[in-house]
Amino acid sequence: MVSVFIMRRTDLPARDLRILDPLLSYPSTLLGRERAIVINLERIKAIITAHEVLLLNSRDPSVTPFVQELQARILRHHQAFSSKHHDHHTDSDPDHDHVPDAIKILPFEFVALEACLEAACSVLENEAKTLEQEAHPALDKLTSKISTLNLERVRQIKSRLVAITGRVQKVRDELEHLLDDDDDMAEMYLTDKLADRRPFGSFGAEGKMKS
């Protein structure tokens with residue numbers, strides 16, 4: 001089964017995978033584990049490791065733009081990583097690492113995490129903009145003519161606004177909870193933890209995406 005494969009690959013317990021089950025309703029969640037980051041934010045259901053991203057709903061058309069953006073970012077990260085790794089072996093200047101303009105490359109997991117967070121926020125932002133565009137004409141009509149139809153239209157928009165506000169608050173609460181907990185933040189440094197476990201002299205992968 002796919003879930004067993006993922007559990008073996010990431011060392012995640014079954015309860016963490018249930019958070020990503022599209023058939024179950026779980027609140028916004030962002031978890032740091034020993035070998036993975038679990039993300040359930042809006043339409044983004046992903047598992048990030050130190051060298052790959054597992055998207056559990058990659059075939060969902062609504063996340064296609066995110067998949068394309070994530071692939072582009074991973075490719076840029078791979079290119080930057082390869083270039084820096086090459087420069088590290090070819091540059092004979094001992095002060096090279098101290099040059100102010102030297103490229104600082106984020107660990108792979110934070111490149112992927114940033115893409116996930118931006119995608120989740122973009123979903124909420126776009127829905128809010130769409131609702132705003134619908135709200136102004138509806139309110140104008142209600143102001144000019146009070147009718148059952150216009151009142152119902154405004155009521156529906158208000159209900160959608162309350163729902164979006166609740167979703168935004170859940171994402172915000174999850175992020176604030178994470179930022180306030182130093183231990184949870186430390187768990188997300190997967191590359192550093194992988195380096196601590198890796199035998200001396202070996203190298204890890206520089207990033208990929210799996211669906």
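Among the listed pairs Lys45/Lys129; Lys145/Lys170; Lys104/Lys170, which are separated by more than 29 Å between their Cα atoms? Each step should come with its number before you reach the end.
Details: Lys45/Lys129 23 Å; Lys145/Lys170 37 Å; Lys104/Lys170 32 Å.
From the list (Lys45/Lys129; Lys145/Lys170; Lys104/Lys170), the Cα-Cα distance tops 29 Å for Lys145/Lys170; Lys104/Lys170.
In square nanometres, what is the average projected area of the Cα convex hull of the range 1-81?
Values: hull surface 23.0 nm².
Computing the convex hull of the Cα atoms and averaging its projections yields 5.8 nm².
A straight line joining the Cα centroids of the range 132-157 and the range 176-193 runs 45 Å.
For the range 61-70, putting each phi into the Karplus relation 6.51 cos²θ - 1.76 cosθ + 1.60 with θ = phi - 60° gives couplings of x, 5, 9, 4, x, 5, 4, 5, 5, 5 Hz, in residue order, rounded to whole numbers and with x for Gly and Pro. Other residues with beta-carbon under 12 Å from the beta-carbon of Glu174 carry, at +1 per Lys or Arg and -1 per Asp or Glu, a net charge of -3.
Phi angles across the range 158-168 convert, under the Karplus curve 6.51 cos²θ - 1.76 cosθ + 1.60 with θ = phi - 60°, into 3J(HN,Hα) values of 4, 4, 5, 5, 4, 5, 5, 4, x, 5, 4 Hz, Gly and Pro given as x. Annotation for Leu117 and Ser82: the two label points, set 7 Å from Cα along the Cα-Cβ direction, are 2.8 nm apart. Using θ = phi - 60° in the Karplus curve 6.51 cos²θ - 1.76 cosθ + 1.60, the 3J(HN,Hα) couplings for the range 128-135 round to 5, 5, 4, 5, 4, 5, 7, 5 Hz; x is entered for Gly and Pro. Among residues other than Ser28 whose Cβ falls under 10 Å from its Cβ, what is the net charge (Lys/Arg +1, Asp/Glu -1)? Around Ser28, the charge tally is 0. Computed over the range 33-86, relative contact order equals 19 percent, with contacts defined as Cα pairs under 8 Å that lie 6+ residues apart.
Computed from the coordinates by the stated procedures, all read-outs in this text should not be read as laboratory data. All values derive from a computational prediction rather than experimental measurement. Because the Cβ atoms are built from the backbone with ideal geometry, glycine has one as well, and the counts that use them run over all protein chains shown.
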